[in-house]
Ligand code: ATP
Ligand code: MG
């Protein structure tokens, strides 16, 4: 089985959508094997999203991710990385397939409710960014 890092973003935690989003993961066969609610600093958000440092939306993205607590979690299952991205839907909610998290809940391309790792190598790095080995069983 595979593991991936998921973040329920500030727009969603603020609107009390954690349970509804988690139900989507579980209904898709993804098991939530670790989860915690944390408040990121802007610097920590910037480190997490360093790959986007040159993009025009980087500063706005870091401000947003530090604006309210987020829920970081590890999802496990067969093909979890791709499966999670299917359940999330397209980055821009206007393009997201019906029934996906972003189609149902996202407010805009920036405030789009969830993050999910995009490949095995990034999943490994992103899980280690937030969780120690002791927290993962
Ligand atoms: P994530 O990495 O959060 O799972 P993603 O892989 O679908 O989302 P990326 O291209 O990696 O999308 O962009 C990372 C995040 O940056 C997006 O989820 C969104 O919050 C923000 N973002 C992306 N494009 C834009 C944009 N054009 N304007 C504002 N914010 C954006
Ligand atoms: Mg991404």
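Observations on the model:
- Residue 92 passes every criterion in (1) surrounded by fewer than 18 Cβ atoms within 10 Å (Cβ to Cβ); (2) away from ligand 2 (no atom under 16 Å from the Cβ); (3) on the phi < 0 side of the Ramachandran plot apart from (2).
- Residue match in region 51-60 (condition: surrounded by 19 or more Cβ atoms within 10 Å (Cβ to Cβ) and on the phi < 0 side of the Ramachandran plot): no
- Qualifying helices (runs of 4 or more DSSP H) (wholly inside region 40-137; at least 3 residues being out of contact with any strand residue (DSSP E or B) (no Cβ under 7 Å at 6 or more places or on another chain), in contact (Cβ under 8 Å) with a residue 24 or more places away in the chain and near ligand 1 (Cβ under 10 Å from one of its atoms)): 58-65
- Residue match in region 10-28 (condition: buried (at least 18 other Cβ atoms within 10 Å of the Cβ), free of Cβ contacts under 8 Å to residues at least 40 places away in the same chain and within 15 Å of ligand 1 (Cβ to nearest atom)): no
Here is a yes/no grid of residues against (1) touching a helix residue (DSSP H, G or I) at 6+ places or on another chain (Cβ under 7 Å); (2) over 18 Å from residue 102 (Cβ atoms):
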| residue | (1), (2) |
| --- | --- |
| 6 | yes, no |
| 11 | no, no |
| 17 | yes, no |
| 24 | yes, no |
| 28 | yes, no |
| 31 | no, yes |
| 34 | yes, yes |
| 42 | yes, yes |
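- Residue among 69, 98 that alone is over 18 Å from residue 35 (Cβ atoms), touching a helix residue (DSSP H, G or I) at 6+ places or on another chain (Cβ under 9 Å) and either modelled with pLDDT of 95 or more or within 15 Å of ligand 2 (Cβ to nearest atom) (or both): 98
- Taking the listed residues 74, 114, the one that is in contact with a helix residue (DSSP H, G or I) (Cβ under 7 Å, 6 or more places away or on another chain), buried (at least 20 other Cβ atoms within 10 Å of the Cβ) and closer than 15 Å to residue 17 by Cβ is 114, with no other qualifying.
- Candidate set: region 39-50, residues that are within 14 Å of ligand 2 (Cβ to nearest atom) and surrounded by 18 or more Cβ atoms within 10 Å (Cβ to Cβ); chosen: the one nearest to residue 122 (Cα to Cα): 48
- Taking the criterion of being away from ligand 2 (no atom under 15 Å from the Cβ) and buried (at least 16 other Cβ atoms within 10 Å of the Cβ), the residues of region 117-137 that qualify are 130, 131.
The values are calculated or read from the model by the stated rules, or taken from the named source; none is laboratory data. Only a predicted model underlies this, so the values are computations on that prediction, with no experimental measurement involved. Backbone-built Cβ (ideal geometry, glycine too); neighbour counts: all protein chains shown.
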